[in-house]
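Visitor: Right, I'll just put the structure down here and ask away after.
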Amino acid sequence: MQLQRNQQSDDGLQIWENNSELQILIQLYNSALNLPLDKRRQALAHIEREISRLSMIESSKARNEAILKKEELRKSSLVNRSREDEKKIQDEIAKIWAEVDDMSLGLEHFFRELGQLFKIFSVNMPNDDIVLELPKLYSELLISGHTIELLNGDTGTISEAWFSAICKHICNEYPKLRIFVISILGLQSSGKSTLLNALFACRFAVSVGRCTRGLFMRLLFLEKDLSDQLNIDAFILIDTEGLGAPEKMNDPESEKKDRILATFAIGVSNLTILNVLGESTRDLTEILQIAIVTMARLEKAEMAPDILMVQHVSERNIAKISEPEEKFRGALREALKIADEQDIEMGIFNTDCLKILDERIRNGQLLKPFRPFKNGATAYAPPSEQYHEDVVNLYNSIINDCKNSQNKIEFSQWHSLIHDYWKAVSHENFAVRFKNIKEIYEFIDLGKRITKMKETIDRSFQKHEESIMKEIRSKLLNWSSNDKSNINSALRNECLRLIEKELKDIPGCNIKCEECEKTNKERIDLEEYLKDKNNEKCEMETNQTIDNYITLNRQSVSTKLTQMLGASFIRKGISSEALEIINKRLEKILVSTPNGGFSDLQRKQKVDEIWDSLLKYVSSNDSTIPVIVQINKEVEEEYYNSLPIELYHQYEKGISPDLSKCKAYKVMSVNYLINCVQELTLSPCLKPIELLALQNKIDNSIDEILKERAYHFYPGIVRDLKKSVNQICLNYKYLPEFKWNVHLHALLKFKPKMICSQEQWDNENTQLGMLNQKKDEYLKLIDTRLQYGHTLVSEGHIVGDYLLRVIHKKAINAGNRERKDAVCNTPWLTCAESVRLKYFEHLAQQVRDGNKEEAINHFLNPKECIEDWFKRAVDNIKGGNPEQKYKDTFHAEFNRVLQDIRNCEHFEETKMFINNYMTQVDNIDYKLDLNQITEEHLKIFLFTIEEELKTRGNDSRREPFQCPSDDKSIMEKLGCTEACYWCGALCWGSRDHHENSDKTKIHHTSHQPAGLACAYNRKNKLTATPCHNITDDKDMYYFGKDVPTKWGVVKVQDFSDWKFDPHCMHFFNDLMCWFFVTLYEDLAKRRNLKPPSRKDLKKNGCLSLNYNDIISTIKTKI
């Protein structure tokens, strides 16, 4: 098994391909894993027994040597040999045990090898069964009670991608799995695994002659009654490596490893059982010292795991149990003394957790004495009833502890934090890191829940918007072209009241609405989640965010429906007026129709003539001023007398200034340059990262202004833009001439966006735009009238054509929904976080393959690049089958309409069906308005409609499907594209999260080496420092200020809208460091800078990074 011995190697695939024996071994092991679950468990149990037996045989000689050496060490301590001799014997014992470890083989070694294969294959062969099937097979084993390795005891690592993939399948099977985590700690060979097996009927290995190495976990599901009682679904049991190995006594590294392991086990648990074999005060002191320091430090991280102490004593008589309890108290006092001496800064004696421990000792709730396992010393002695009583007593204590715990957690959150906790625990300030990891995870988790809540609210309003618009279309059938009795005015008011009434209670409508029910359920889930957090302020602010969002949605949908209502009235008027003009022209033409009718060419000429005259008439009455004229007029009013004349001429010519070359600041004073110890530019021009931040603020400001007024021009819009630009420049000490260049840049950015938005608005809301939308309808209507005149046959063909248009539109809508649903169901589109993981995975693959340009462009302009990529990516998603959906819907609707037409027996019935069917889609304004006709004429009319349907029902008259990127709800999945001012990292929040009322309004990200955004130091070297590695006492120069500001002040004073803590996804930080190491030479050349120093790279964790490790984990998270 060579892969687990070469974990940091990038040539794992080559090792695998060149090792035929390993391939055969894994193939055989996989054949066992692919058995049905019951058979699979039996096979693994058999394999475990046999390889353990073989390991024992092979290592027996080395074990005997170790035993003899231990005896030699014991004797040497009795005769007061020198410490050097004892150290020599200890080293020999350690070497022998290392040999035993190399000979020992367990199922965990197969598990590790599969983990390495999963990592390699997920990057190089993602469709292999190792990637697609093995995690699912192991998740089934874990669910069924099989034990798996959590932490590799040999290397001290967690196979993150492999472990995450297994856990992900469990989360898919049990999305809201509530767990209570129990770990056990103790000195080596103290019977930890035996105790867990006795408590929970587990199968942790105890009898193979090998001590547990690392950490192993088991998932234990509870029966329903107990689950309801404890408010959890399962226990997670963690068996740990023994602490204080005798052969490693007085070894500082071994003691450090014990502390780390204990801290991790206690930190990821709700309850930790401390297990001690015997009554040795030394053993008690050692285990208690480790536990006390761990608990005191975790308390600083606001984490409060509970502990129970189990001491296996020799006395069977209850009356004498008080003796070991006194020893326990003595050991606790000694442990406190040692811990306080070794860690003065902690203030061990002042921690709250120890006060609680002391109180529990006095109440007899902490120490659980265990009597011997057997009645007698022989191998055949019967089991002890007292031991059974002690097990039951401990089990009941665990149940009570679980019942009273306030820190239960969902499995999805627990497994997501495991690796980050393990990375943090090896640092001296691990308590702070633990706290940061927990806080940022909960911050992000809350943001995701709020986003999900918002999405369900959006769907509720969208559903009701569609139903309201359909009802409005039905009401507008009563619209009259001859409005002498104010019918239309009354109709408008009725529709406005309908809009207000229907939107009033959304999403809590009384009617049975599936989307509102989902929204209300999501709201209840969110409120329960907030209550569990026991944070009234957070609960209040989050509820305010949701209430504000509902109000905003209600206003937005109301405005949209009101505008659509207004547009419908305009369209009705245009249709009426256009038909009147068409009919008048037709009357004149039809009078002179030749006997044989018009030829096709003549008919086409007449059609074009009538259309041109109609277009000319509407255009002559269109008083709309071109938007470019309106923009230029307002620019002249606002800027002609203030903007420097040469810049005004640049605006007229459309020449945008190059802000990177414009002088932004005054020349820095000598004192400023001498005292500056932080990254700065000696140039008066903006640094690339500053320029990027400025351009993003301007882009966002323009988007906000356009969004405020539904993306169309309004008087004063340029004045609003001017105010916004002045506000942006307010905090910066820009030179006046630079500020005017910023205004010019903003104007030339605004102008094309405004023109494009106005064109789209005009098409939907102006007479000319509406007429052009109906061109195809009117051309068809005119041509039909020219062929058949004003007859029932003519009307039948026109009705048939409009029915086909509605059928086609319904089919197109179904195809668009199919395509949109396929995009929404794409795994990496679940949230802004997974979108970023997918994007950077794509960039990393490009860079690995030698194509660096796209990644370099991203780091120079992240907002624009990720938006362009996102549009391409979602438009290229091939899921679903919109073409087939279109065909299926078209044929189903066609057959239904054809049958309904055939079923019509009376004219009024026919008229009602046709007019109601026209209301099922937008922008179809046809209304059948014939008077009563005879039965014979009705047959002709229906026959003509059917003939038109059959003749043209197979026409391929279709527009293309809508691009998913044109859908607002899809684009919102990209999330916030604000970039950090200091390092250029993109925000990971949802779109518009800055409008929230709660803490999730703050921007957050995985801050990257600032050199990726071309930030550099005074030596012109790119800097590898991310924001979270800057110390609070560092002087920062920014915004053109002459006086430095401490970083701790900067974060609060000018950047309080950003979080600068490390992200909980450490592997993404590793990826950003990998990008920097791979791209810094290219970035330095691009900006005429110098590469970073190796010392800077090492200090910020940019060296010794493994691409396969990083990408395999990212793929799993996606």
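The values are calculated or read from the model by the stated rules, or taken from the named source; none is laboratory data. Keep in mind it's a predicted model, so treat the numbers as computed, not measured. Every residue, glycine as well, gets a Cβ built from its backbone with ideal geometry; the counts of neighbours run over all protein chains shown. Heads up: the accessible areas ignore ligands, DNA and RNA and are worked out on the full protein's heavy atoms, side chains in. Shrake-Rupley method; radii C 1.70, N 1.55, O 1.52, S 1.80 Å.
Visitor: Scanning for something in a loop (DSSP other than H, G, I, E, B) and either out of contact with any strand residue (DSSP E or B) (no Cβ under 7 Å at 6 or more places or on another chain) or buried (at least 23 other Cβ atoms within 10 Å of the Cβ) (or both), does segment 161-171 turn up at least one residue? Reasoning before the result, please.
Guide: Taking segment 161-171 first, the residues in a loop (DSSP other than H, G, I, E, B) are none.
No, segment 161-171 contains no residue that is in a loop (DSSP other than H, G, I, E, B) and either out of contact with any strand residue (DSSP E or B) (no Cβ under 7 Å at 6 or more places or on another chain) or buried (at least 23 other Cβ atoms within 10 Å of the Cβ) (or both).
Visitor: Just name the residue that is modelled with the highest pLDDT out of those in segment 271-296 that are open to solvent by less than 20 Å² (accessible area, probe 1.4 Å) and of a type in the set (S, T, N, Q).
Guide: Looking at residues that are open to solvent by less than 20 Å² (accessible area, probe 1.4 Å) and of a type in the set (S, T, N, Q), I get 272.
Visitor: Moving on. Are any of the residues in segment 771-787 without any contact (Cβ under 8 Å) to a residue 12 or more places away in the chain, over 30 Å from residue 691 (Cα atoms), among the charged types (D, E, K, R) and out of contact with any strand residue (DSSP E or B) (no Cβ under 8 Å at 6 or more places or on another chain)?
Guide: Yes: one or more hits.
Visitor: Search segment 173-186 for residues that are in contact (Cβ under 8 Å) with a residue 40 or more places away in the chain and open to solvent by 10 Å² or more (accessible area, probe 1.4 Å) and pair each with any residue that is in a strand (DSSP E or B) and charged (D, E, K, R) when their beta-carbon atoms are under 8 Å apart and the residues are at least 6 apart or on different chains.
Guide: Note: pairs meeting the criteria are 176/410; 178/410.
Visitor: Looking at segment 109-126, can you tell me whether even one residue there is hydroxyl-bearing (Ser, Thr, Tyr), assigned to a helix (DSSP H, G or I) and at pLDDT 85 or above? Don't jump to the end; show me each part of the working.
Guide: So the first thing to find is which residues in segment 109-126 are hydroxyl-bearing (Ser, Thr, Tyr), and the list is 122.
Next, from what is left, pick out any that are assigned to a helix (DSSP H, G or I): 122.
After this cut, where a residue has to be at pLDDT 85 or above as well, the list is 122.
Yes, that holds for at least one residue.
Visitor: Six or more apart or on different chains, Cβ under 6 Å: which pairs go from a residue in segment 299-321 that's open to solvent by 20 Å² or more (accessible area, probe 1.4 Å) to one that's at pLDDT below 70? Could you list them?
Guide: Taking only residues 6 or more apart or on different chains, the pairs are 299/351; 299/353; 300/431.
Visitor: Does residue 734 satisfy the condition of being open to solvent by less than 20 Å² (accessible area, probe 1.4 Å), outside any helix (DSSP H, G or I) and not polar (S, T, N, Q)? Let's see the steps before the verdict.
Guide: Working: open to solvent by less than 20 Å² (accessible area, probe 1.4 Å): yes; outside any helix (DSSP H, G or I): yes; not polar (S, T, N, Q): yes.
Judged against the criteria, residue 734 is a match.
Visitor: Tell me, which helices (runs of 4 or more DSSP H) wholly within segment 1057-1118 include 2 or more residues that are surrounded by 23 or more Cβ atoms within 10 Å (Cβ to Cβ)?
Guide: Working: elements: 1066-1086, 1094-1099, 1107-1117.
Per the criteria, 1066-1086, 1107-1117.
Visitor: Only one residue in 590, 615 is of a type in the set (A, V, I, L, M, F, W, C) and touching a Gly at 6+ places or on another chain (Cβ under 8 Å), so which one is that?
Guide: Values: 615 fails: touching a Gly at 6+ places or on another chain (Cβ under 8 Å).
From the options 590, 615, the qualifying one is 590.
Visitor: Starting from segment 876-895, take each residue that is farther than 23 Å from residue 826 by Cβ and list its partners that are outside any helix (DSSP H, G or I) and open to solvent by less than 90 Å² (accessible area, probe 1.4 Å), counting only C-beta distances under 6 angstrom and pairs at least six apart or across chains.
Guide: 894/953
Rundown of residues vs (1) over 17 Å from residue 1113 (Cβ atoms); (2) more than 26 Å from the chain's Cα centre (by Cα), yes/no style:
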position: 136; (1), (2): yes, no
position: 145; (1), (2): yes, yes
position: 158; (1), (2): no, no
position: 171; (1), (2): no, no
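Visitor: Let me ask another. Can you say whether residue 543 is closer than 14 Å to residue 457 by Cβ and surrounded by fewer than 19 Cβ atoms within 10 Å (Cβ to Cβ), as far as the supplied structure shows?
Guide: Values: closer than 14 Å to residue 457 by Cβ: yes; surrounded by fewer than 19 Cβ atoms within 10 Å (Cβ to Cβ): yes.
Spelling it out, residue 543 is indeed closer than 14 Å to residue 457 by Cβ and surrounded by fewer than 19 Cβ atoms within 10 Å (Cβ to Cβ).
Visitor: Can you confirm whether residue 624 is surrounded by fewer than 18 Cβ atoms within 10 Å (Cβ to Cβ) and at pLDDT below 90? Let's see the steps before the verdict.
Guide: Numbers: surrounded by fewer than 18 Cβ atoms within 10 Å (Cβ to Cβ): yes; at pLDDT below 90: yes.
The answer is yes for residue 624.
Visitor: Hey, another quick one. Out of 586, 647, 643, 615, which single residue is open to solvent by 20 Å² or more (accessible area, probe 1.4 Å), at negative phi and touching a residue at least 40 places away in the same chain (Cβ under 8 Å)?
Guide: Going through 586, 647, 643, 615 in turn, just one is open to solvent by 20 Å² or more (accessible area, probe 1.4 Å), at negative phi and touching a residue at least 40 places away in the same chain (Cβ under 8 Å): 615.
Visitor: Which condition number does residue 139 fail, the rest of (1) under 30 Å from residue 61 (Cα atoms); (2) without any contact (Cβ under 8 Å) to a residue 60 or more places away in the chain; (3) open to solvent by less than 30 Å² (accessible area, probe 1.4 Å) being met?
Guide: (1)
Visitor: Which condition does residue 551 not pass, out of (1) under 21 Å from residue 996 (Cα atoms); (2) in contact (Cβ under 8 Å) with a residue 24 or more places away in the chain, if it passes all the others?
Guide: So residue 551 meets the others, but not (2).
Visitor: Farther than 19 Å from residue 114 by Cβ, buried (at least 17 other Cβ atoms within 10 Å of the Cβ) and at pLDDT below 90: does that describe residue 3?
Guide: Numbers: farther than 19 Å from residue 114 by Cβ: no; buried (at least 17 other Cβ atoms within 10 Å of the Cβ): yes; at pLDDT below 90: yes.
Against the criterion (farther than 19 Å from residue 114 by Cβ, buried (at least 17 other Cβ atoms within 10 Å of the Cβ) and at pLDDT below 90), residue 3 does not qualify.
Visitor: Residue check: is residue 512 in a loop (DSSP other than H, G, I, E, B) and either open to solvent by 60 Å² or more (accessible area, probe 1.4 Å) or within 30 Å of residue 480 (Cβ to Cβ) (or both)?
Guide: Working: in a loop (DSSP other than H, G, I, E, B): yes; either open to solvent by 60 Å² or more (accessible area, probe 1.4 Å) or within 30 Å of residue 480 (Cβ to Cβ) (or both): yes.
Judged against the criteria, residue 512 is a match.
Visitor: Then there's this: Within segment 391-423, can you find the residues that are charged (D, E, K, R) and exposed (fewer than 14 other Cβ atoms within 10 Å of the Cβ)?
Guide: If we filter segment 391-423 for residues that are charged (D, E, K, R), which is where we start, we get 401, 403, 408, 410, 420, 423.
Residue satisfying the conditions is 403 alone.
Visitor: Continuing with the same structure: Can you give me the number of residues within segment 629-640 that are among the hydrophobic types (A, V, I, L, M, F, W, C) and surrounded by fewer than 14 Cβ atoms within 10 Å (Cβ to Cβ)? It would help to see each step written out before you state the result.
Guide: Step one: of segment 629-640, the residues among the hydrophobic types (A, V, I, L, M, F, W, C) are 629, 631, 635.
The next check asks that each one be surrounded by fewer than 14 Cβ atoms within 10 Å (Cβ to Cβ); those that pass are 629.
Counting residues in segment 629-640 that are among the hydrophobic types (A, V, I, L, M, F, W, C) and surrounded by fewer than 14 Cβ atoms within 10 Å (Cβ to Cβ) gives 1.
Visitor: One residue is enough: does segment 929-944 have a residue meeting the conditions open to solvent by less than 50 Å² (accessible area, probe 1.4 Å), of a type outside the set (A, V, I, L, M) and more than 16 Å from residue 797 (Cα to Cα)?
Guide: No, there is no match, as no residue in segment 929-944 is open to solvent by less than 50 Å² (accessible area, probe 1.4 Å), of a type outside the set (A, V, I, L, M) and more than 16 Å from residue 797 (Cα to Cα).
Visitor: Every residue in segment 297-319 that is at pLDDT 75 or above and aliphatic (A, V, I, L, M), please.
Guide: Those that are at pLDDT 75 or above and aliphatic (A, V, I, L, M): 307, 308, 309, 310, 313.
Visitor: Which one of the conditions (1) in a loop (DSSP other than H, G, I, E, B); (2) in contact (Cβ under 8 Å) with a residue 40 or more places away in the chain; (3) loosely packed, with under 15 Cβ neighbours inside 10 Å does residue 954 fail to meet, given that it meets all the rest?
Guide: (2)
Visitor: Ok, one more. Would you confirm whether any residue within segment 468-485 is buried (at least 18 other Cβ atoms within 10 Å of the Cβ), at pLDDT below 95 and not in a helix (DSSP H, G or I)?
Guide: So far as segment 468-485 goes, yes, one or more of its residues are buried (at least 18 other Cβ atoms within 10 Å of the Cβ), at pLDDT below 95 and not in a helix (DSSP H, G or I).
Visitor: In segment 899-920, what count of residues is obtained for those that are surrounded by fewer than 18 Cβ atoms within 10 Å (Cβ to Cβ) and touching a residue at least 40 places away in the same chain (Cβ under 8 Å)?
Guide: Selection size over segment 899-920: 4.
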